[in-house]
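The values are calculated or read from the model by the stated rules, or taken from the named source; none is laboratory data. Please read these numbers as outputs of a predicted model, since none were measured by experiment. FYI the Cβ positions are ideal-geometry reconstructions off the backbone, even for glycines, and counts take in every protein chain you see.
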Amino acid sequence: MGYDARERLLRVRLDDGTTLRYSGVGEEVWRRFSGSGVAWNFYRDNIEEQFAAQRVSSASAVDTSALEALFGKKQEQ
């Protein structure tokens, strides 16, 4: 994930490799999202339902190391 404060754009890469872009996202939302201990829940409740997504890309393979480093490795259920 990444954020451009000047453009108010949020980019999110999902586990399946799809990258989505959300426009009009304020810095406060980004701050709360990037600092969230449960990023997936915050995303679902505060971004996915509040902002319209534009698909930027799709990929079959994803390097999740950056998210894992930021939020910790996702637990298997």
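Write out, first by first residue and then by second, each pair whose Cβ atoms fall under 7 Å of each other, whose residues are 6+ apart or on separate chains, and whose first residue, in the stretch 37-49, is farther than 16 Å from Thr19 by Cβ while the second is not in a helix (DSSP H, G or I).
As it stands, the answer is Phe42/Ser36, since those pairs meet every condition given.
Tell me, which strands (runs of 3 or more DSSP E) wholly within the chain include 1 or more residues that are exposed (fewer than 11 other Cβ atoms within 10 Å of the Cβ), modelled with pLDDT of 90 or more and basic (Lys, Arg)?
53-57
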